[in-house]
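**Student:** The following block contains the structure, expressed as structure tokens.
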Amino acid sequence: MIVEDKPMSSAVDVSSAHSISVLEQLDNSGLSKFHFKAMLTSGMGFFTDAYDLFIIGVALSILTPLWHLNTFEISIIGSSSLIAAALGSLIFGRIADFIGRKSVYSLTLIVLAAGAVASAFSPNLIWLLIFRFILGLGIGGDYPLSATLMSEYANRKDRGKLITMVFSMQGVGLVIAPLIAIFLLSTQLPADMIWRIMLGLGAVPALGTFYLRHQIAETPRFALAMSGDAAAAAQTIKSVTGTATTKGKPAKAQAQSKKVAQPKRKSWFYLLLTPRYLRWLIGTAGTWFLLDIAYYGTTISSPLVLKLLNPKADLKTNTIYTLLIFLIAAVPGYIIAALTIDRLGRRWIQCVGFAITAIAYLVLAFVPGISILVVPFLLVYGVSYFFTEFGANVTTFVYPAEIFPVMIRSTAHGISAASGKVGAFIGALVFPLVLARFGLPGAMLIAGIVSAAGLVLTFFTLPEPKGRSLEEISEEHTLLAVKPLTPADRI
């Protein structure tokens, strides 16, 4: 098969009597069972991420008296998997742009599950830190892979919804985690066994979807653009849409008689040397960084926040409060985001989300006495959670999966996710210290300031990708099209 260079184009336009875009049928297809299967399979990593995000806070509340942990040790355990996730996002995101999404997709689950199981058997603080670092590598690697895979399989009309639904499995994890915690805390099991069960259960959803991930084919966009494998792309699109890529002609036969325009591989420096992509990368990485300082800081510290709010309540009672916040505020935020993102747009949702969460946090910081009034505090705190989910927590995940070219898409998402996890690490490390020294107003003030900064950065750096094909959004400098082979090409 001979690969030809094609002229540059700001959009994919290959409709003619003698050529047909394989990707055009994928973009214009409807939702299928394949899309929902891919969504569920991809979402399990985020279920585990959210489960771990919440459960480590409860586990640390149990471990503190058992292992006599100080404030710094609590902070470093709560944040160790997050800095590892930043590294995992960079490593697996880059690898996926070189050898393919499918090749490393199942590996992240193995790493994640191994870290969760090993954490449950930790004999002391040092080993717990090591095993949670391994867990974090797997969680981080899942971000660019799941987002990129779903975006490259999705149709144009429902792409935002599908990527959001992948990420919304995080909401399911935020509900299941406190339910499991409440159940275990209600049993007569020894405390040393309860925290181990909590951490070990994080491996179950990952292992449960390992086989499904292994069965998913390489995305047609990667197969066409990076390897020139038109046969694999045509067959995959047939399984996604339920039809052959050319009416009346089997996909296999069509693929054998076509060839693909194939771009050159790009270094990650390509992101830095192209002004448009650099500006977008600053936007996706910067807003994710700012979001996660506030989001992870407040979520991992939820047991501490609620303990300060209601010091006489036990751990089980405060866990029930947290569950109610997630059910009433966070889960509806994910749902509404999924239902509206393809109509309202990513930019609008992210700007509104950052603005209202900033206001909510600043109200909690400055309104006198609100930090000792349980119901008013929980109402405002709930508003911040709703507009985090119906806002930047969803869109920062969606954006980098859509706006960058296919040859650096996973790398760019990995950089953005890594930046977010660095922010999460800072939030998880700093918030317990701020809560201990300055109380709730100090922590909420920090969250409010970084949320306001996220609004400004979104407004000045990010485009609106709704309703456009991935190739049109990124202005790829190639025509990702399947062209008829000439007799000479078939030699």
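**Student:** Report, in listed order, any pair from Lys33/Lys157; Lys33/Lys161; Lys421/Lys466 with a Cα-Cα distance greater than 21 Å. Don't jump to the answer; show the numbers that get you there.
**Tutor:** Numbers: Lys33/Lys157 16 Å; Lys33/Lys161 15 Å; Lys421/Lys466 26 Å.
Too far apart for the 21 Å limit: Lys421/Lys466.
**Student:** Still on this structure: Plugging the Kirkwood radius over Cα pairs into Stokes-Einstein for the range 326-417, at a temperature of 10 °C and a viscosity of 1.306 mPa s, what D comes out in µm²/s? Walk me through the numbers before you get to the answer.
**Tutor:** Working: Rh = 14.3 Å.
Once the numbers are plugged in, D ends up at 111 µm²/s.
**Student:** Moving on to the next point. Take the Cα radius of gyration of the range 55-105 and divide it by 2.2 N^0.38 Å, with N its residue count; two decimals is plenty.
**Tutor:** Numbers: Rg = 16.4 Å, N = 51, 2.2 N^0.38 = 9.8 Å.
Here the answer is 1.67, to two decimals.
**Student:** Let's see if you can work this out: charge +1 on each Lys and Arg Cβ, -1 on each Asp and Glu Cβ, no other charges. What is the dipole magnitude of the range 78-198 about its Cα centre, in debye to the nearest 20? It would help to have the intermediate numbers written out before the result.
**Tutor:** On the way: 9 positive and 5 negative charges, 70 e Å.
Roughly 340 debye, rounded to the nearest 20.
**Student:** HN-Hα J couplings of the range 423-430 from phi, Karplus 6.51/-1.76/1.60, θ = phi - 60°, integer Hz, Gly and Pro as x?
**Tutor:** Coupling constants for the range 423-430: x, 4, 4, 4, x, 5, 7, 7 Hz.
**Student:** Now for a different question. If R₀ is 45 angstrom, what is the calculated FRET efficiency for the pair Phe460 and Lys157, using the beta carbon separation as r and rounding to 0.05?
**Tutor:** Numbers: r = 28 Å, r/R0 = 0.63.
E(calc), rounded to 0.05, equals 0.95.
**Student:** Can you compute the modelled spin-label distance between Leu179 and Phe121, with each label point 7 Å from Cα toward Cβ, in nm?
**Tutor:** 2.9
**Student:** Sum up the charges of everything whose Cβ sits under 12 Å from the Cβ of Gly173, counting Lys and Arg as +1 and Asp and Glu as -1, but leave Gly173 out.
**Tutor:** Details: positive: none; negative: Asp49, Asp52.
Neighbour charge sum, excluding Gly173 itself: -2.
**Student:** What is the calculated FRET efficiency for Ile282 to Phe98, with r their C-beta to C-beta distance and R₀ = 30 Å, to the nearest 0.05?
**Tutor:** Working: r = 24 Å, r/R0 = 0.80.
So the FRET efficiency works out to roughly 0.80.
**Student:** For the range 77-137 and the range 324-385, write down the distance between their C-alpha centroids in whole Å.
**Tutor:** 30
**Student:** In Å and on Cα atoms, what radius of gyration and Dmax does the range 369-441 show?
**Tutor:** For the range 369-441, the Cα radius of gyration and maximum Cα-Cα distance read 16.9, 53 Å.
**Student:** Also, I was wondering about something else. Quick one: the Cα spread of the range 132-232 along its three principal axes, in angstroms, biggest first?
**Tutor:** Ordered largest first, the range 132-232 gives principal extents of 59, 28, 22 Å.
**Student:** Relative to the present Cα-Cα distance, how much length would full extension add between Leu273 and Ala313 at 0.36 nm per residue of separation?
**Tutor:** Values: separation 40, 0.36 × 40 = 14.40 nm, distance 5.48 nm.
Full extension of this stretch gives 8.9 nm more.
**Student:** Would you tally the net charge around Lys161, using a Cβ to Cβ cut-off of less than 13 Å, leaving Lys161 out, and scoring K and R as +1, D and E as -1? It would help to have the intermediate numbers written out before the result.
**Tutor:** Numbers: positive: Arg156, Lys157, Arg159, Arg343, Arg346, Lys466; negative: Asp158, Asp342, Glu402.
So the surrounding residues net to +3.
**Student:** Let me ask something else about it. Mind giving me the nanometre distance, one decimal, between the label points for Met193 and Tyr211, set 7 Å out from Cα along Cα→Cβ?
**Tutor:** 3.0
**Student:** Something else: Residue separation times 0.36 nm, minus the C-alpha to C-alpha distance between Leu40 and Asn28: what's the value?
**Tutor:** In short, 2.1 nm is gained.
**Student:** Excluding Leu112 itself, what net charge comes from residues whose Cβ is under 10 Å from its Cβ, given Lys and Arg +1 and Asp and Glu -1? Can you show the working numbers first?
**Tutor:** Values: positive: none; negative: Asp49, Asp52, Asp142.
Value of the local net charge: -3.
The numbers here are math on the coordinates, done by the rules we state, and not lab data. Treat the numbers as computed from the prediction; the structure is a model and nothing was measured. Cβ coordinates were reconstructed from backbone atoms using ideal geometry, including for glycine residues, and neighbour counts include every protein chain displayed.
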